[in-house]
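Contents: one structure, followed by commentary.
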Amino acid sequence: MRRSLAVVLLSALGCAALVAQPTSTAIVITGARVLDVTTGRAQPTVAVVIEGDRIAAVQTQPGPLPSPASTVDGSELTLVPGLFDLVVDAAPSAWIDPDYYYALGLAHGVTAYRLVDAPLTWAIEHRRRAGSLDLLAPRLWISGPGLELRPGTDAENAAGVIPIPLDGRVRVTGTAGLEREIARAAAGKADWVHLGPSVGGENVRAAVAVARRHKLRVSAEPGETELMDLARAGVDAVIGLGPADADRHAAADVQRLARELAATRTVLVPMVRQSADAALGPSNPLLARELEMLPRRFRDDVQKRLGRGGDRAAQRAWRTRRDFVRAFVSAGGRLAVGSGTGTLGWPVPGLSVIHELQLLVESGVPIADAIRAATQQPAATLGLGDRAGRLRVGAPADFVGVTGDPSKDIRALAAIRLVVRGGELINRDDLVKQAARAASRIR
């Protein structure tokens with residue numbers, strides 16, 4: 001009941017969210033560098049032209065410009081395609097209004113979210129409003145509630161399934177239950193089906209087969225089914241490295257497993273930032289920065305959960321996971337970024353994506369590959385092909401301007417000076433203030 005009330009309340013509060021102001025005047029950004037994520041290099045331009053919600057021109061030579069137009073001096077900026085976050089739990093809760101996730105994501109250059117573990121009806125409505133710019137938020141793709149499996153009684157199994165809502169997920173009792181929930185997601189026009197770690201064995205294969213019939217993509221978390229078995233079952237994306245898959249192997253086994261997974265061409269969303277909490281602790285500069293961004297009333301709870309850091313077992317697992325991801329990329333694996341931000345706004349929306357990229361680079365992933373993992377690859381994973389994830393003519397006008405050159409120093413992604421979403425220039429300071437207001441609405 002409390003969750004239902006929260007959904008109703010937050011749906012009403014969503015009307016107070018920042019809303020983009022449409023304009024018919026073209027926008028021209030002059031003198032900026034443009035980061036080509038395909039080559040991994042920043043190229044100088046004369047002008048980038050935005051008309052409506054699309055990039056109309058990327059001029060490398062002087063030429064005619066639209067008139068009238070609003071002109072922005074970008075001579076100190078590198079323009080970077082908007083970042084993607086493929087694992088976000090921004091569902092309504094008793095703690096934080098979803099606007100907190102939306103505003104902070106945009107403030108840190110994240111212009112596309114894949115929502116997981118959210119009530120389906122609520123997610124469909126927010127996807128519609130974000131797509132029409134009625135709600136200023138990252139573009140949204142949805143999977144609805146995650147699916148978990150539990151053994152059912154003979155009577156339950158014979159009768160089919162009665163889903164049991166739990167923390168944004170539903171528990172089902174077997175293959176019949178999975179089929180029912182996948183069909184429900186398809187009827188609601190979800191984009192994805194997400195399988196939790198308790199779904200194992202033949203149930204994964206069955207879920208993939210049903211999802212394919214409904215033209216839905218499938219992501220899954222390792223657990224009952226390990227990394228390679230998920231890949232062999234045909235899931236589109238593996239979320240996280242699981243509780244044991246990467247940690248328990250010797251170095252040679254880690255390299256072999258990474259190569260084998262890369263060869264399947266399954267997309268891996270490793271969420272290394274989320275697995276860093278226990279190993280790094282609150283004194284780590286990246287985590288300390290995120291703690292500063294948290295509302296004060298959540299900070300103490302998160303710090304307690306983080307502990308002091310430095311746990312030897314956690315550090316050993318952290319090193320193994322970093323080795324695995326580096327080997328996976330070296331083998332040509334398809335890497336995409338997801339933060340796992342959720343309860344209490346932790347990891348911090350948007351900022352944790354930038355930190356994920358920094359940690360990937362620290363792990364030995366080349367900068368160009370890390371940036372593609374947050375732009376070009378997730379766009380392809382979502383089925384967008386070349387229509388997004390790059391700053392090119394015809395692409396959605398979703399990008400940020402940063403000082404410095406991220407292709408040379410990944411930390412430059414944090415120096416955001418310009419945010420463009422759907423062709424609208426957004427004041428970054430206003431986004432941060434909006435996030436603070438949203439975080440204080442539900443007490």
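Results for (1) within 30 Å of Ser219 (Cα to Cα); (2) out of contact with any strand residue (DSSP E or B) (no Cβ under 9 Å at 6 or more places or on another chain); (3) assigned to a strand (DSSP E or B); (4) free of Cβ contacts under 8 Å to residues at least 24 places away in the same chain, shown as yes or no for each residue.
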residue: Val48; (1), (2), (3), (4): no, no, yes, no
residue: Val58; (1), (2), (3), (4): no, no, yes, no
residue: Gln61; (1), (2), (3), (4): no, yes, no, yes
residue: Pro66; (1), (2), (3), (4): no, no, no, no
residue: Val72; (1), (2), (3), (4): no, no, yes, no
residue: Phe84; (1), (2), (3), (4): yes, no, yes, no
residue: Pro92; (1), (2), (3), (4): yes, yes, no, no
residue: Asp99; (1), (2), (3), (4): yes, yes, no, no
residue: Tyr102; (1), (2), (3), (4): yes, no, no, no
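Against the conditions (1) within 30 Å of Ala94 (Cβ to Cβ); (2) buried (at least 24 other Cβ atoms within 10 Å of the Cβ); (3) touching a Pro at 6+ places or on another chain (Cβ under 9 Å), Leu351 satisfies every one except (3).
Taking region 165-247 and the strands (runs of 3 or more DSSP E) fully enclosed by it, the elements with 3 or more residues that are surrounded by 17 or more Cβ atoms within 10 Å (Cβ to Cβ) and modelled with pLDDT of 95 or more are at 192-195, 217-220, 237-239. Looking at Ile442, is it among the β-branched types (Val, Ile, Thr), at pLDDT 95 or above and more than 16 Å from Val267 (Cβ to Cβ)? When the stated conditions are applied, Ile442 does not pass them.
Report, by residue number, each residue of region 390-415 that is in a loop (DSSP other than H, G, I, E, B), small (Gly, Ala, Ser) and either in contact with a helix residue (DSSP H, G or I) (Cβ under 8 Å, 6 or more places away or on another chain) or within 19 Å of Leu133 (Cβ to Cβ) (or both).
Correct list: Gly394, Ala395, Ala397, Gly404, Ser407.
The residues listed here are Ala278, Ala336; of these, the one that is in contact with a strand residue (DSSP E or B) (Cβ under 6 Å, 6 or more places away or on another chain), surrounded by 16 or more Cβ atoms within 10 Å (Cβ to Cβ) and closer than 28 Å to Arg169 by Cα is Ala336. Of the residues making up region 299-318, not a single one is buried (at least 24 other Cβ atoms within 10 Å of the Cβ), hydrophobic (A, V, I, L, M, F, W, C), assigned to a helix (DSSP H, G or I) and out of contact with any helix residue (DSSP H, G or I) (no Cβ under 6 Å at 6 or more places or on another chain).
The values are calculated or read from the model by the stated rules, or taken from the named source; none is laboratory data. Fair warning: this is a prediction, and the values are worked out from it, not measured in the lab. So basically every Cβ, Gly included, is an ideal-geometry build from the backbone, and we count neighbours across all protein chains shown.
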